[in-house]
Amino acid sequence: QVSLVESGGGLVQPGGSLRLSCAASGSIGSIVAMGWYRQAPGKQRELVATITSGGSVNYSDSVKGRFTISRDNAKTTVYLQMNSLKPEDTAVYYCNVFPSRSAYWGQGTQVTVSS
């Protein structure tokens, strides 16, 4: 079992930056890939970025060039650096393994981009 706790969200103006963190604990040695997901009001949850145990990364077209996913050397924390934020980035952001597992969804962290 894996426990995931997201943090770092908040209110930011358009064009601003935030860094989200996802602290993982439990059976993290079994994790092959991690992902950041988001869910905007009235929309389905979507995959934003992934990082494999080997360090390969991928991004959705909507965030490519603005967001960067990374992790610490111990592989216990995954980050999402978000730059040039837009109002359409407003959502609750979650981390999970990739592909996601329903048992691992946490509370998420709210990101609001507004002037």
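The values are calculated or read from the model by the stated rules, or taken from the named source; none is laboratory data. Computed from a predicted model, the values in this text were never measured in an experiment. Cβ atoms come from the backbone with ideal geometry, glycine included; neighbour counts cover every protein chain shown. Only protein heavy atoms, including side chains, enter the accessible area calculation; ligands, DNA and RNA are left aside. Shrake-Rupley method; radii C 1.70, N 1.55, O 1.52, S 1.80 Å.
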Quick check: pseudo-label points 7 Å beyond the Cα along Cα→Cβ at residue 30 and residue 102, how many nm apart are they? 1.7 nm
Just how large is the dipole of the chain about the Cα centre, in debye to the nearest 20, putting +1 at every Lys and Arg Cβ and -1 at every Asp and Glu Cβ? 60 debye
So what does log10 I(q)/I(0) come out to for the chain at q = 0.10, 0.11, 0.16 Å⁻¹, using the Debye formula with one equal point on every Cα and no solvent? -0.25, -0.31, -0.66
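Express the accessible area of the chain per residue in Å², computed with a 1.4 Å probe while the remaining protein chains stay in the model.
For the chain, the solvent-accessible area averages 52 Å² per residue.
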Place a label point 7 angstrom from the Cα of residue 84 along the Cα-to-Cβ direction, then list the residues of the stretch 14-45 whose backbone nitrogen is under 11 Å away. 15
Share of carbon and sulfur in the accessible heavy-atom surface of the chain [1.4 Å probe, %]: 48 percent
With every protein chain present, what accessible area does residue 51 have (1.4 Å probe, heavy atoms only), rounded to the nearest 10 Å²? 10 Å²
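For the stretch 73-115, go through all pairs of different Cα atoms, get the mean of 1/r, take its inverse, and jot down that Kirkwood value in Å.
Every distinct Cα pair counted, the radius reaches 12.3 Å.
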Once amide H atoms are built 1.01 Å from N in the peptide plane, which residues 5 or more positions from residue 86, or in another chain, come under 5 Å H to H? 15
What ³J(HN,Hα) values, in whole Hz, does the Karplus curve 6.51 cos²θ - 1.76 cosθ + 1.60 give for the stretch 29-42 when θ = phi - 60°, with x put for Gly and Pro? x, 8, 7, 8, 8, 10, x, 9, 10, 8, 9, 8, x, x
In whole Hz, what ³J(HN,Hα) sequence does the stretch 46-61 give by Karplus (6.51, -1.76, 1.60; θ = phi - 60°), x for Gly and Pro? 10, 7, 9, 7, 9, 9, 8, 5, x, x, 6, 10, 8, 9, 6, 4
